[in-house]
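Okay, so here's the structure we're looking at.
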Amino acid sequence: MKIRKISKPTHGSAEWLALRWKDEEGLARISASVAAAIHGSHPYVTAADLAAELMAAEPPQPKEQNSAMKRGTTLEGPIRDWSAEMLGCELSEPQEMYVYEEDGVRLIATIDAVSEDGTIHEIKTSRKRWTGELPDMWYWQGIQQAICSGADKIVWCIFDSDLDLKFHTQTVTSDEKQVHIEACRKFLSFVDMGMFPDDVIPSYENVSSLNPHATDGSVELSPDTASLVKQLTKTKAMISELEEHASALQAAVCQDMGDKSYAMVDGVVVATWKNVSRTSFDQKKFEKEHPALYQKYKKQTTYRQFKTNKGDKQ
């Protein structure tokens, strides 16, 4: 077992993402922010998503922040200072990342704040009211931060929908740490072999991300895989039939609604049919009126398109 610190690049930069993705020997790491995915408890990242990312040929690249991410990064500093004032201690942002390593296990964590006595603090903003119970995503993140730092507790500083600052101390037991370590060991053992874990079902997008470029070669499918092609064709036909049926049902309801916006059953609204306005970019008009600018900003994207022999697309 080895716990160490490494220099932290700018948070969110390509260098920071690359360090969280692979270690110095090119072996996959699991970062604390996606720790819950190992246990199937992350609301935004599946275990298959994480495996595909770790097996990819290139590290993840910085993405434009959404409103929640911008809120978190913008308020992190002020919340750190506010927390320090309320807790009566100095809090500083570590300039290192915390790493835990043992045979077959490679974990990394970025820590938001540390007090003078070494206590780890995690800063969060939430659009929900704090109920006193950590969401699964935070729970596993806290456990991994405790593993990587050698701590036995994490103090959560949460700015919630009450526009107030709440605190929660997560005590992490050795059993909780071991459960997570063993789950990560199993997960990484498959990733190191270039395989999805045996209890993980990858999506088409996961597999496509690992094989983005096609060659002119061919492959002879095994009988089991060949049967899947037949199942896929039948499934797509069923989906098409269900979509047609849904359209017919919707048409019948809307026919009764006429020009009314609400459909009621026993005084309860069961469906709405309202006017919706949206603004869209008229690409054809722009190309016609500004052909030079259109060519300048036109972007070509290459991707693989899957078709069965009947021309179905996926």
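Here are the numbers for the structure shown:
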{"item": "Tally, over the range 261-281, of residues that are assigned to a loop (DSSP other than H, G, I, E, B) and under 18 Å from residue 249 (Cβ atoms)", "result": "1"}
{"item": "Selection from the range 282-303 of residues that are of a type in the set (Lys, Arg) and either surrounded by 10 or more Cβ atoms within 10 Å (Cβ to Cβ) or assigned to a helix (DSSP H, G or I) (or both)", "result": "284, 285, 288, 296"}
{"item": "Wholly within the range 97-200, strands (runs of 3 or more DSSP E) carrying at least 3 residues that are closer than 24 Å to residue 78 by Cβ", "result": "113-115, 120-125, 153-159, 165-171"}
{"item": "Enumeration of residues in the range 212-246 that are of a type in the set (Gly, Ala, Ser) and surrounded by 10 or more Cβ atoms within 10 Å (Cβ to Cβ)", "result": "214, 226, 227, 237, 240, 246"}
{"item": "Search result, residues across the range 138-171 that are surrounded by fewer than 16 Cβ atoms within 10 Å (Cβ to Cβ), among the basic types (Lys, Arg) and touching an Asp or Glu at 6+ places or on another chain (Cβ under 8 Å)", "result": "none"}
{"item": "Residue among 111, 38, 3 that alone is in contact with a helix residue (DSSP H, G or I) (Cβ under 9 Å, 6 or more places away or on another chain), of a type outside the set (Asp, Glu) and closer than 21 Å to residue 198 by Cβ", "result": "38"}
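Quick grid of which residues meet (1) buried (at least 16 other Cβ atoms within 10 Å of the Cβ); (2) farther than 20 Å from residue 178 by Cβ; (3) in contact with a Phe, Trp or Tyr (Cβ under 8 Å, 6 or more places away or on another chain):
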| position | (1), (2), (3) |
| --- | --- |
| 78 | no, yes, no |
| 81 | no, yes, no |
| 96 | no, yes, no |
| 101 | yes, no, no |
| 108 | yes, no, yes |
| 113 | yes, yes, no |
| 119 | yes, yes, no |
| 129 | no, yes, no |
| 136 | no, no, no |
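No value in this document is a laboratory result; all are computed from the given coordinates. Every value quoted in this text rests on a predicted model; they were computed, and no experiment measured them. Quick reminder, even Gly has a Cβ in these numbers, built from the backbone with ideal geometry, and neighbours come from all protein chains shown.
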